[in-house]
Amino acid sequence: MSDPYENTPERVFAALPPAQGRGFAQSWWGQAWLKALEDSTLDLKQLKTGRRLARAGAVGAVSVRPGRVTAVVNDRDHTAHRADVLLPELSEEQWDRFLGMAVERAGHIAALLDREMPPHLVEDAASAGVELLPGLGDLEAECGCDAWDHCGHTAALCYQVARLLDQDPFVLLLLRGRGERELLDELQLRSVSQAETVVVRQETHTGVDAAEAYAAGEILPPLPEAPDVPAEPGLPPSLDTETEPAPGVDPSALEFLAARAAGEAHRLLVDALRAGHEQRVAETELTAAQDAVRLASGGPEVPVAARLAEGSGRDREGLALAVRSWEYGGAAALDVLETDRPAEAETLARARAALESAWEEGERPVLRASRSRWTVVGGQSQLRLGPDGRWWPFRKERGRWAPVGPASQDPATALALADGLE
C-alpha cells in the first residue's frame, strides 16, 4: 500500500530543550497561535498539563506537513503518545489570491525572507480573503490517548509549535499547504512575470451631452462595475508649500490627521465588504481620550504626539503606556490599564477557580488581590482581570504598571509572559 504522504512536503524539527522560566511565544504570531489553542480548548486543566509537559521537554521531534503537525509526547510516567494537531489547508484559489497580493508589495516578500510575519502582511492577506493565522475552532486534535478534545499531549505539542513559529513563520505556511521553497519560487516567478508584462493602457472617453443623456436614459448601457478596493490607503496631498499657514494652523498636524483618516476609511471599507459583516456587532464609538490613543498609535512626530497627550489628559509617559495597551488589545486593553473596577460576582468566581487550577500544588506564586488586580508579592509582575474574564500581564517599569502582552484565557500563561521579561 502506498504512503499517502509520500509526495507531501515535510519538515522535521529536533526536540527542543525544556522551556523553564520563559513564555512559549515571544512573537505576536506565536501568541496568536496559542490564543487559537486557548479558544479551542474546553478544559483549562489540559492546557496546564500541556504547558507542564512542554516545559519539561516531554515533546519529541516535531513533524510539520500541510494540514498536520505530529510529535510523540511522553507522560510523567514515560508513557508515549502520538499527538496530532490539524489545521485546514488553504485552497488553490486562496493561495492564488495570497501570492497575487504578496507580489504587489515588495515589503511582504522581504519580510518573509527575513523570517517575519508583520501584522500588515496578515491584514492584507485577510483583505484578500485569506486567513493565515488559525481562528476559533481551527486547531483540531487527534491523540493516541483517545481524548475527544485537546488533551495534555496535543496541548503540549501546540505550545512547542508556538516556539517553532517564533523562529520561522514558514512553519505556519507549510501547515497551510505550501513549503518554503515552493512558495518562494512561485513568488519569484510571479514577480518576474509581473515586471515583464506591465502594459500601460490609455482609453479615450467621448463625452455625452447632459441633455441627450437625460432624454435617452432608458437606452443607455448600465453603469460599470464598482472598482476594486485599493490595496492600501491613498496618500493625502502635501501641505508643505511656500505659503505661510494661517494663525493657529499646524500643517504637520493636518497632514497626520489626513493620513490617519485615509487609513481608517480604507480599513472600514475593507471590513464592510467582508462576508458576514452585517451580522457583526457594531464597534463602540470611541471617546475623545480613547481616540487620541488610537491616533498616537500611528507613531506621529513629537509635536503631534505632545498635542495628543495634552488633549487626552495624559502626560507623555502615560500616553506611551496607553498606546502600548491599545496595540495589545484596543479599547478593551486600554480600559484594563486605566480602570480598576470590582469584577462582577460570577466573573470573580471563575477567576478564582482559574487561579486555583492554573498551577501545580506548591508552584503557584503568592498573589495579593485588590479589586480586579493580582500582584506577585515581592515581585514586579501583576495580573489584571478584564470584564470578559481574560487575564492581562503587567510589569512595573519606572514606578508604573505597564502592559507587556495581549490577554490570555489562562492566568499562568499571562504571568509567564510578564515573568519572562526579567
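Considering (1) part of a helix (DSSP H, G or I); (2) more than 25 Å from Gly60 (Cα to Cα); (3) open to solvent by less than 60 Å² (accessible area, probe 1.4 Å); (4) touching a residue at least 60 places away in the same chain (Cβ under 8 Å), say which one Arg190 fails and leave the rest.
(3)
Identify, please: which residue in segment 66-83 is among the charged types (D, E, K, R) and surrounded by fewer than 18 Cβ atoms within 10 Å (Cβ to Cβ) and is, among those, nearest to Leu37 (Cα to Cα)?
Arg82
Go through Leu121, Leu53 for me and flag whichever is open to solvent by less than 40 Å² (accessible area, probe 1.4 Å), in contact with a helix residue (DSSP H, G or I) (Cβ under 6 Å, 6 or more places away or on another chain) and farther than 30 Å from Leu273 by Cα.
Leu53
State all residues of segment 138-152 that are under 13 Å from Thr41 (Cβ atoms) and open to solvent by 50 Å² or more (accessible area, probe 1.4 Å); if no residue qualifies, say none.
Glu140, Trp148
Every residue, every condition in (1) more than 26 Å from Pro251 (Cα to Cα); (2) open to solvent by 50 Å² or more (accessible area, probe 1.4 Å); (3) under 21 Å from the mean Cα position of the chain (by Cα), yes or no:
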position	(1), (2), (3)
Arg280	yes, yes, yes
Val293	no, no, yes
Val304	no, no, no
Ser312	no, no, no
Val336	yes, no, yes
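Looking only at segment 338-358, which residues are closer than 24 Å to Lys48 by Cβ and open to solvent by 40 Å² or more (accessible area, probe 1.4 Å)?
Glu346, Ala349, Arg350, Arg352, Ala353, Glu356
Is it fair to say Leu34 is at pLDDT 85 or above and in a loop (DSSP other than H, G, I, E, B)?
On the way: at pLDDT 85 or above: yes; in a loop (DSSP other than H, G, I, E, B): no.
So Leu34 does not fit the description; no.
Any idea which of (1) out of contact with any Gly (no Cβ under 8 Å at 6 or more places or on another chain); (2) more than 30 Å from Gly152 (Cβ to Cβ) is the one Gly298 doesn't satisfy?
Looking at each condition in turn, Gly298 falls short on (1).
Residues are listed down the side, and each one gets a yes or a no for (1) open to solvent by less than 50 Å² (accessible area, probe 1.4 Å); (2) assigned to a strand (DSSP E or B); (3) in contact (Cβ under 8 Å) with a residue 60 or more places away in the chain:
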position: Arg368; (1), (2), (3): no, yes, no
position: Gly378; (1), (2), (3): no, no, no
position: Arg384; (1), (2), (3): yes, yes, no
position: Arg395; (1), (2), (3): yes, yes, no
position: Thr413; (1), (2), (3): yes, no, yes
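Tell me which of these Glu356 doesn't satisfy, since it passes every other one: (1) free of Cβ contacts under 8 Å to residues at least 12 places away in the same chain; (2) part of a strand (DSSP E or B); (3) under 21 Å from Leu44 (Cα atoms).
So the condition that Glu356 fails would be (2).
Are there any pairs, at least 6 apart or on different chains, whose C-beta atoms fall under 7 Å, with the first in segment 274-298 and touching a residue at least 40 places away in the same chain (Cβ under 8 Å) and closer than 13 Å to Ala331 by Cβ and the second surrounded by 15 or more Cβ atoms within 10 Å (Cβ to Cβ) and β-branched (Val, Ile, Thr), and if so, which?
Val293/Val323
Kindly indicate which of Ala226, Ala275, Ala306 is among the small types (Gly, Ala, Ser) and modelled with pLDDT of 80 or more.
Among Ala226, Ala275, Ala306, only Ala306 is among the small types (Gly, Ala, Ser) and modelled with pLDDT of 80 or more.
Could you check segment 68-173 for helices (runs of 4 or more DSSP H) lying wholly inside it with 2 or more residues that are in contact with a Phe, Trp or Tyr (Cβ under 7 Å, 6 or more places away or on another chain) and farther than 30 Å from Leu269 by Cβ?
Answer list for segment 68-173: 152-167.
The values are calculated or read from the model by the stated rules, or taken from the named source; none is laboratory data. Model, not experiment: these values are computed from the prediction. So basically every Cβ, Gly included, is an ideal-geometry build from the backbone, and we count neighbours across all protein chains shown. Heavy atoms of the whole protein, side chains included, go into the accessibility calculation; ligands, DNA and RNA do not. Shrake-Rupley method; radii C 1.70, N 1.55, O 1.52, S 1.80 Å.
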